[in-house]
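Participant: Handing you this structure, nothing more for now.
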Amino acid sequence: MALQNPFFPVKDDTMHVERIALTSIAEEFGTPTYVYSAGHIRNQYKQLNDAIQGIMPEGRSAMICYACKANSNLAILKLLQQEGCGLEVVSEGELIRGLKAGIDPQKIVSTGVGKTNQEIRAQIEADIYNINVESLPELERISAIADDMNKTARVIFRLNPEVSGGGHHKISTGRRGDKFGLMKDDVFKAYDMAKGMKNVQALGLMIHIGSQVSQVNAFDAAFSKLPAIVGELRAAGHTVSRLDIGGGFPVKYTQDDQLLDLSAYANWVRDIIVPLDVDIALEPGRYLVANSGVLLTRVTDVKEAQGQNFLIFDAAMNDLLRPAMYDAYHEIAPVQNHNAPETVYDVVGPVCETGDTFTRDRTLPRMKRDDLAVIQTAGAYGMCMSSNYNTRPRAAEILVDGDQYAVINARESYDDLFARESVPAWL
Ligand code: LLP
């Protein structure tokens with residue numbers, strides 16, 4: 001069953017993105033193409049921001065730092081920048097994108113277990129809000145680089161809360177044994193080390209437990225340890241004035257998926273986090289963009305074999321990796337003919353491996369060659385995880401905003417694909 005989304009209305013039996021028919025996008029730009037709704041992204045940002053700002057006490061700030069690994073297209077970063085959103089970056093590339101989009105460095109935080117010296121240097125140079133430190137050796141490198149630059153590095157320490165966040169095991173990050181963050185004892189060590197570092201300012205803590213966390217009490221399990229830890233740190237004379245509460249806010253992949261109740265979440269922040277007397281940062285990725293986007297694709301063929309119906313799309317696992325990588329479920333819907341009789345399909349792409357299967361045994365309205373379809377909830381971890389596997393040029397990206405639309409990333413050409421390759425003279 002298609003996901004219902006007011007920013008993707010069906011008019012005259014044709015799915016639109018806001019006011020633009022997906023049929024006309026396909027005609028003008030071809031397929032496969034990612035198509036995003038600007039209105040949906042603004043709406044998501046506003047709902048979360050309003051809920052959080054509504055419970056913050058005077059004198060303390062809450063800042064939403066979009067985890068742009070979910071979708072780092074410059075136009076989307078610009079759109080969010082205009083809403084007042086900050087950024088969470090995990091690489092130098094993402095930092096460069098954020099600065100290009102005009103995001104204030106004082107609204108940028110950086111995470112990542114393997115920040116290179118060059119990345120740390122770039123973050124200190126840009127004077128970002130804080131670096132989220134993931135290990136003691138990393139702290140030592142940050143200190144050495146800050147000394148070398150004679151600049152201050154503001155840091156917070158990522159605490160491994162030893163709980164499992166929702167979603168697939170490959171995207172849970174807060175368990176003992178996961179590569180992320182510092183165990184509690186090392187947080188104390190890190191604070192002590194930072195005290196002796198001339199150019200490092202230790203300001204607080206961060207926790208991110210994983211993705212698709214749909215119950216407030218899953219956050220509870222991780223954050224219930226904080227009051228004691230913060231109390232102990234302060235008693236030892238350390239500053240804890242910032243808390244980054246990570247991302248992981250869930251979105252609907254199916255109509256029945258549970259969303260986090262935003263007002264319950266805001267009340268939880270008010271009851272559990274606000275008493276800690278800290279400035280707060282949040283790092284939603286998927287929540288802001290996932291349902292803003294669909295992957296628009298055309299049916300190349302319908303193949304009947306061994307009693308199965310294969311619906312073969314022109315989109316493939318190189319365009320949207322999530323089903324192949326995490327067995328992720330994405331709704332699929334036709335762009336037109338929504339009331340056609342239903343058929344059970346295996347929906348596949350053209351790439352040469354069986355893993356290039358979007359779904360098996362899915363009941364969908366009957367489709368035929370050249371029909372258009374969408375794979376929904378593709379705005380997050382879609383295009384940014386795409387590749388050129390099978391020498392397939394990467395898809396185009398289109399942003400729709402009311403009745404305006406524009407290409408925000410042109411489809412790759414074959415020349416683009418070969419541009420950086422060369423054949424050595426001896427061959
Ligand atoms: N902050 C940190 C430190 C993170 O590691 C992540 C996601 C986020 C924020 C944002 O999480 P979100 O709000 O989007 O759940 N490729 C996977 C998701 C990987 C998430 C990695 N970290 C997928 O397609 O589901």
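Participant: If you place +1 on the Cβ of every Lys and Arg, -1 on the Cβ of every Asp and Glu, and leave all else neutral, what size is the dipole of region 61-284 about its Cα centre, to the nearest 20 Debye?
Facilitator: On the way: 24 positive and 28 negative charges, 49 e Å.
Charge dipole, region 61-284, about its Cα centre: 240 debye, nearest 20.
Participant: Taking the convex hull of the Cα atoms, report for region 371-427 its projected area averaged over all directions, in nm².
Facilitator: Average of the hull's projected areas for region 371-427 equals 6.3 nm².
Participant: Kindly state, to the nearest 0.05, the FRET efficiency for Lys368 paired with Glu125, given R0 = 51 Å and r defined as their beta-carbon distance.
Facilitator: Working: r = 56 Å, r/R0 = 1.10.
FRET efficiency, Lys368 to Glu125: 0.35.
Participant: Could you compute Rg(Cα) / (2.2 N^0.38 Å) for region 61-284, with N its residue count? Walk me through the numbers before you get to the answer.
Facilitator: On the way: Rg = 16.8 Å, N = 224, 2.2 N^0.38 = 17.2 Å.
Dividing the Cα Rg of region 61-284 by 2.2 N^0.38 Å gives 0.98.
Participant: About its Cα centre, how strong a charge dipole does region 38-88 have in debye, to the nearest 20, once Lys and Arg get +1 and Asp and Glu get -1 at the Cβ? Could you put the intermediate results ahead of the total?
Facilitator: Working: 5 positive and 4 negative charges, 30 e Å.
Using only the charged Cβ atoms, the result is roughly 140 debye.
Participant: Could you state the angle between the C-alpha long axis of helix 226-235 and the longest principal axis of the C-alpha atoms of the chain, as a value from 0 to 90 degrees rounded to the nearest 10?
Facilitator: The angle comes out at about 30 degrees.
Participant: 222 nm [θ] for the chain, helices only, -39500 (n - 2.57) per DSSP H run of 4+, per residue, to 500? Let's see the in-between values first.
Facilitator: On the way: 13 runs with 118 residues, N = 427.
Theoretical 222 nm ellipticity from helices: -8000 deg cm²/dmol.
Participant: Sticking with this structure for a sec: Over all alpha-carbon pairs of region 1-109, lay out the pair-distance distribution in 5 Å bins, whole %, shortest bin first.
Facilitator: All Cα pairs, binned at 5 Å, distribute as 2, 10, 18, 17, 17, 14, 12, 6, 3, 1, 0 percent.
Participant: Give the residue from Ser413, Ile280, Pro424 lying farthest towards the positive end of the charge dipole for the chain; charges sit on Cβ (+1 for Lys and Arg, -1 for Asp and Glu) and the dipole is referred to the Cα centre.
Facilitator: Among Ser413, Ile280, Pro424, the one farthest towards the positive end of the dipole of the chain is Ile280.
Participant: Rounded to the nearest 0.05, what FRET efficiency do Asp361 and Asn388 give with R0 = 35 Å and r taken as the Cβ-Cβ distance? Could you check? Don't skip to the answer; put the middle values down first.
Facilitator: Numbers: r = 30 Å, r/R0 = 0.86.
Between Asp361 and Asn388 the formula returns 0.70.
Participant: Can you give the extra length, in nm with one decimal, that the chain gains between Gln308 and Lys46 once fully stretched, where that is 0.36 nm per residue apart less the Cα-Cα distance? The partial results should precede the final answer.
Facilitator: Numbers: separation 262, 0.36 × 262 = 94.32 nm, distance 4.49 nm.
So the chain would gain 89.8 nm between Gln308 and Lys46.
Participant: Then there is this: Sticking with the crude label model, points 7 Å out along Cα→Cβ, report the distance from Gln106 to Ile229 in nm, one decimal please.
Facilitator: 2.8 nm
Participant: Taking the Cα centre of the chain as origin, sum charge times position over the Cβ atoms of Lys and Arg (+1) and Asp and Glu (-1), and report the length of that vector in debye to the nearest 20.
Facilitator: Working: 42 positive and 55 negative charges, 153 e Å.
Computed charge dipole of the chain: roughly 740 debye.
Participant: Related question: Treating cross-link reach as a plain straight distance, find the lysines whose alpha-carbon is under 22 Å from the alpha-carbon of Lys189, omitting any fewer than eight places away in the same chain.
Facilitator: Those lysines meeting the cut-off are Lys115, Lys179, Lys198, Lys225.
Participant: Now for a separate question. Could you pull out the trypsin sites (Lys or Arg not before Pro) across region 268-376 that fall in loop regions by DSSP (anything but H, G, I, E, B) with no more than 12 other Cβ atoms inside 10 Å?
Facilitator: Numbers: sites: Arg270, Arg286, Arg298, Lys303, Arg360, Arg362, Arg366, Lys368, Arg369; in loops: Arg366, Lys368, Arg369.
Those that pass, being in a loop and sparsely packed, are Lys368, Arg369.
Participant: Turning to a different aspect of this structure: Quick check: residue separation of Asp220 and Leu427 times 0.36 nm, minus the Cα distance between them. What number comes out in nm?
Facilitator: This chain segment gains 68.4 nm when fully extended.
Participant: Identify, among Gln44, His16, Ala144, the residue whose Cα sits farthest towards the positive end of the charge dipole of the chain, taking +1 on the Cβ of Lys and Arg and -1 on the Cβ of Asp and Glu, with the dipole about the Cα centre.
Facilitator: Result: Ala144.
Participant: Still on this structure, please answer the following. Take each of the peptides 87-98, 227-238, 391-402, average the number of other beta-carbon atoms within 10 Å over its residues, and list them starting from the highest.
Facilitator: Values: 87-98: 21.8, 227-238: 13.6, 391-402: 19.9.
Peptide ranking by packing, descending: 87-98, 391-402, 227-238.
Participant: Here's a follow-up. Could you give the length gained on full extension between Gln118 and Glu412, defined as 0.36 nm per residue of separation minus the Cα-Cα distance, in nm?
Facilitator: Values: separation 294, 0.36 × 294 = 105.84 nm, distance 2.91 nm.
Roughly 102.9 nm would be gained on extension.
Participant: Taking all pairs of distinct Cα atoms, average 1/r, flip it, and tell me the Kirkwood hydrodynamic radius of region 120-250 in Å to one decimal place. Let's see the in-between values first.
Facilitator: Numbers: mean 1/r = 0.0661 Å⁻¹.
Taking every pair of different Cα atoms in region 120-250, averaging 1/r and inverting gives 15.1 Å.
Participant: Hey, what does the equivalent ellipsoid look like for the chain, semi-axes from the Cα gyration tensor as sqrt of 5 times each eigenvalue, largest first, whole Å? Show your work: numbers first, answer last.
Facilitator: Numbers: eigenvalues 333, 119, 78 Å².
The three semi-axes for the chain are 41, 24, 20 Å.
Computed from the coordinates by the stated procedures, all read-outs in this text should not be read as laboratory data. Note that the structure is predicted; figures quoted are calculated from it, not measured. Heads up, the Cβs are rebuilt from the backbone with ideal geometry, glycines too, and the neighbour counts pull from every protein chain shown.
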